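Trainee: One structure follows; several queries about it will come next.
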Amino acid sequence: MSEFFAMGGYGLYVWGSYGVTALVIVAEIVWVVQRRKVLLKRLARMSRLTKG
Amino acid sequence: MAFAGINWFKYSSPATFYPLAGKMMPWFAGLAAVLTVIGLYMSFFVAPTDYKQGEAYRIMFIHVPAAWMSMFIYVVMAVYAAMGLIFNTRLSAMMASSLAPTGALFTFLALWTGALWGKPMWGTWWVWDARLTTELILLFLYIGFMSLEAAIDDPRRATRASGLLAIVGVVNVPIIYFSVEWWNTLHQGASISLDKAPSMATIMLASMLVMTLAFWMYTIAMVLYRVRCEILERERHSEWVVALMEERK
Amino acid sequence: MLEAVDLAAVRGDRRLFAGLGFSLLEGELLHVHGVNGSGKTTLLRMLCGLVVPEEGRILWEGKDIRSEREAYLRNLVYLGHLGALKGDLTGVENLRITETLAGEAVTEDQAMAALQDVGLHGHEDLPVRVLSQGQRRRVALARLALSQAGLWILDEPFTALDKASVAALRARLENHLKQGGMVILTTHQEIDIDTALVKQVALG
Amino acid sequence: MKRDLILAVRRMSDVLTTLFFFIIVVSLFPLGIGPEVEILRMIAPGVVWVAAILASMLALGRLFEGDYRDGTLEQMLLAPQPLSVLVLGKVLAHWAVSGLPLVLMAPLLGLQFGMTAEGLGVLLVSLVLGTPAISLIGAVGAALTLGVRGGGVLVSLLVLPLYIPVLIFGAGAVEASVTGLGAEAHLSLLGAILALALCFAPWATAAALRISLD
């Protein structure tokens, strides 16, 4: 398996780019989900406010 | 993605589009995940090692799709922005602003993977290749779009102003590409630009297409998710959002 | 004849007003009431075509003002809170420029006469920035004497005016209405023009 | 347009600040890079062009801001004439005040960089074609960011990417003529960009103004 990671000596570059790609995509997903959670909390609070 | 704009038209009111987006989003996300796995498998195990570049060329399998997506998303953004301005439909404008972050992300990825691929091939992190430079300028356009939208408080004006910027931008992208191409050949002569990569074995092309499709599905899923946030934010005063909030509690 | 059909406006994400409709005939004055921030200025700007209505349409002689843009604007004078005057230019120059912009070029002495008419003797050729707030208001209002436009849309025209100018302006409005002109204005003071011709719209 | 020219004459100081900014920026480079004429001659076109772009962008802020604040811009939108024609007039008046002085000053500065007479000639022509295009494209950015906080910096972020073709062909023309390749191709492309800007920019600026005053 190790030669797979070595990538014929270019391991750093190949995994560098794939790794960052995966990282960035996961980051974007987390960021959006986070944004939605905050938004829902705020809206829920506001609707209680207006009703209360 | 662009054809999606047409038949969404009858769902153009945010209230009806919101639940629809909610149902479709998981499908696209699932599809994206499946395609990514297939794409990765193909690009790592199926595609042969390249005789000249060894394994380094495998970066191409994300670099090229990312570059295509960054251009494609910008065009789709401009189309939605134009629709938002002409038909004054709020939903298309929201689609445009939801597309921007993902588009900027792909542009960044294209640049990052381009640099990482350039290092083994030409020994330098950055090469003033026509396409890479255009990609960099495209990143500035994305950043300009998002910062303009963030700077204006009134949401209605923000979407319309950034929409107009997207349209002006999309008209300029080919001009910029042409002028950079001209400038590049003038100074350096034709350096090995990225798309003259080793003659594409069909396998390589196939895996690249699969990866592109995966990115495409991912984009749609991400945008649908973000547009739902955008809708909630923009329509928070309308009754249907308040009603929705009641159910959730 | 100006007609508004269930107009709606949103500012930020607050809905200012909705379903607002009225029609204004020759010789009538529309007085727009409403507390500050209730969208009076937005409504006025919408009627000028500056603001795109969220819903509803505005018709001039039966046709939408956005399709008949030039014909409608040729017949419209809008005076907003800002005086639309260039500080470095003199009163006369300002008047002549706004009139040429509105498509009705005026001569030097016509402008002078208009300025004297609003009681600005001797101030005609001073750069506007040296004039007081009240005087600047009167330079802006002097435009009404020159303009042949039928529809006047005035935002708080009476502010910063002294007694005499208020009376002069009221007389000018009545005169304009008698000649079949139309006026839409907002003001907090009471306007005692014969109420037969006055219509009210309340916002907020 | 006549009004803007009168205004500019009354406000001479604004005109001069743009010009002095241009001169100072250009003269900074030799101080930064050293006096060897050889190097200076090589970088001269790029330096002059970048300085011209930055100087005219500084002046962009004043293009609509003054009229926006005192209400005259509103009246322009309410004029029966087509707005894009008025905008074109306004931008050309602005160019005459901020672009033209740069064009006239550039050859003098070129001498500082030891440029040949022929190079200076092409520089002049490229600036004459380029600076109006810059003002026209910049006007779209200025209109979009009217009354927005931090507008000044934002304009440059929006508009700089769009200036790149003008910069490439402008500076390239001078370089091509100096190295004997002949600058006709560059200048004709520059002219094409100017023509394109003349047709579309006023319309886009007018649309942007309507959005900003909405």
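The values are calculated or read from the model by the stated rules, or taken from the named source; none is laboratory data. All values derive from a computational prediction rather than experimental measurement. Reconstructed Cβ throughout: ideal geometry from the backbone, glycine too, with neighbour counts over all protein chains shown.
Trainee: Mind checking which pairs have a first residue in the stretch B:80-99 that is over 24 Å from A:Ile29 (Cα atoms) and a second that is charged (D, E, K, R) and not in a helix (DSSP H, G or I), Cβ under 6 Å, 6 or more apart or different chains?
Mentor: The qualifying pairs do not exist here.
Trainee: Could you tell me which of the residues B:Met25, B:Met83 is of a type in the set (A, V, I, L, M, F, W, C), touching a Leu at 6+ places or on another chain (Cβ under 6 Å) and surrounded by fewer than 23 Cβ atoms within 10 Å (Cβ to Cβ)?
Mentor: B:Met25 is the lone residue from the list that is of a type in the set (A, V, I, L, M, F, W, C), touching a Leu at 6+ places or on another chain (Cβ under 6 Å) and surrounded by fewer than 23 Cβ atoms within 10 Å (Cβ to Cβ).
Trainee: What strands (runs of 3 or more DSSP E), lying completely within the stretch C:1-107, carry at least 2 residues that are at pLDDT below 80, more than 8 Å from chain D (Cβ to nearest Cβ) and within 18 Å of the chain's Cα centre (by Cα)?
Mentor: Numbers: elements: C:2-11, C:14-24, C:29-33, C:55-60, C:76-79.
In the stretch C:1-107, there are no strands (runs of 3 or more DSSP E) which contain 2 or more residues that are at pLDDT below 80, more than 8 Å from chain D (Cβ to nearest Cβ) and within 18 Å of the chain's Cα centre (by Cα).
Trainee: What are the residues in the stretch C:14-45 that are surrounded by 19 or more Cβ atoms within 10 Å (Cβ to Cβ), under 17 Å from C:Gln189 (Cα atoms) and not β-branched (Val, Ile, Thr), if any?
Mentor: If the condition is that a residue be surrounded by 19 or more Cβ atoms within 10 Å (Cβ to Cβ), under 17 Å from C:Gln189 (Cα atoms) and not β-branched (Val, Ile, Thr), then C:Leu29, C:Leu30, C:Lys40 are the ones that fit.
Trainee: On to the next question. Report the residue count in the stretch C:134-184 for those that are part of a loop (DSSP other than H, G, I, E, B) and not polar (S, T, N, Q).
Mentor: So the count comes out to 10.
Trainee: Given the residues D:Ala143, D:Ala139, D:Ala183, which is the only one that is over 22 Å from D:Ile23 (Cα atoms), crowded, with 19+ Cβ neighbours inside 10 Å, in contact with a His (Cβ under 8 Å, 6 or more places away or on another chain) and within 14 Å of chain B (Cβ to nearest Cβ)?
Mentor: D:Ala139
Trainee: Within the bounds of the stretch B:84-96, is there any residue that is assigned to a helix (DSSP H, G or I), within 14 Å of chain A (Cβ to nearest Cβ) and either under 18 Å from A:Trp15 (Cα atoms) or over 16 Å from the mean Cα position of the chain (by Cα) (or both)?
Mentor: no
Trainee: Something else about it: How many residues does the stretch D:79-92 hold that are within 14 Å of chain C (Cβ to nearest Cβ) and either modelled with pLDDT of 85 or more or under 11 Å from D:Leu136 (Cα atoms) (or both)?
Mentor: Number of matching residues: 3.
Trainee: Right, next: Any idea which of B:Leu136, B:Leu141 is touching a Leu at 6+ places or on another chain (Cβ under 9 Å), buried (at least 24 other Cβ atoms within 10 Å of the Cβ) and in contact (Cβ under 8 Å) with a residue 24 or more places away in the chain?
Mentor: So the residue among B:Leu136, B:Leu141 that is touching a Leu at 6+ places or on another chain (Cβ under 9 Å), buried (at least 24 other Cβ atoms within 10 Å of the Cβ) and in contact (Cβ under 8 Å) with a residue 24 or more places away in the chain is B:Leu141.
Trainee: Of all residues in the stretch D:195-208, how many are more than 9 Å from chain B (Cβ to nearest Cβ) and either free of Cβ contacts under 8 Å to residues at least 24 places away in the same chain or surrounded by fewer than 20 Cβ atoms within 10 Å (Cβ to Cβ) (or both)? Write out each step before concluding.
Mentor: First, the residues of the stretch D:195-208 that are more than 9 Å from chain B (Cβ to nearest Cβ): D:195, D:197-199, D:202-203, D:205-206.
Checking the rest, the ones that are also either free of Cβ contacts under 8 Å to residues at least 24 places away in the same chain or surrounded by fewer than 20 Cβ atoms within 10 Å (Cβ to Cβ) (or both) come to D:195, D:198-199, D:203.
Final tally of qualifying residues: 4.
Trainee: Same structure, new question: Pick out the one residue from B:Leu116, B:Leu132 that is at the interface with another protein chain (Cβ under 8 Å from one of its Cβ atoms), modelled with pLDDT under 90 and within 25 Å of A:Val24 (Cα to Cα).
Mentor: Answer to the check: B:Leu116.
Trainee: Now, a different point. Can you tell me which residue among D:Ala55, D:Ala139 is under 30 Å from C:Ser67 (Cβ atoms) and in contact with a Ser or Thr (Cβ under 7 Å, 6 or more places away or on another chain)?
Mentor: Details: D:Ala55 fails: under 30 Å from C:Ser67 (Cβ atoms).
Going through D:Ala55, D:Ala139 in turn, the sole match is D:Ala139.
Trainee: Answer yes if at least one residue in the stretch D:61-68 is within 14 Å of chain C (Cβ to nearest Cβ), over 12 Å from D:Val97 (Cβ atoms), at pLDDT 80 or above and loosely packed, with under 14 Cβ neighbours inside 10 Å, and no otherwise.
Mentor: Checking the stretch D:61-68: not a single residue is within 14 Å of chain C (Cβ to nearest Cβ), over 12 Å from D:Val97 (Cβ atoms), at pLDDT 80 or above and loosely packed, with under 14 Cβ neighbours inside 10 Å.
Trainee: Given the conditions (1) at pLDDT below 85; (2) within 14 Å of chain A (Cβ to nearest Cβ), and given that B:Phe3 satisfies all but one, which numbered condition is not satisfied?
Mentor: Result: B:Phe3 fails condition (2) only.
Trainee: Which numbered condition in (1) closer than 24 Å to B:Val168 by Cβ; (2) in contact (Cβ under 8 Å) with a residue 60 or more places away in the chain; (3) not small (Gly, Ala, Ser) is the only one that D:Gln112 fails?
Mentor: Here D:Gln112 meets the rest and fails (1).
Trainee: Can you say whether D:Ile211 is under 29 Å from D:Leu120 (Cβ atoms) and at the interface with chain B (Cβ under 7 Å from one of its Cβ atoms), as far as the supplied structure shows?
Mentor: No, not satisfied.
Trainee: I've got another one for you. When the residues of the stretch C:112-133 are narrowed to those that are within 14 Å of another protein chain (Cβ to nearest Cβ) and part of a helix (DSSP H, G or I), which ends up nearest to D:Leu78 (Cα to Cα)?
Mentor: Filtering first and then ranking leaves C:Val128.
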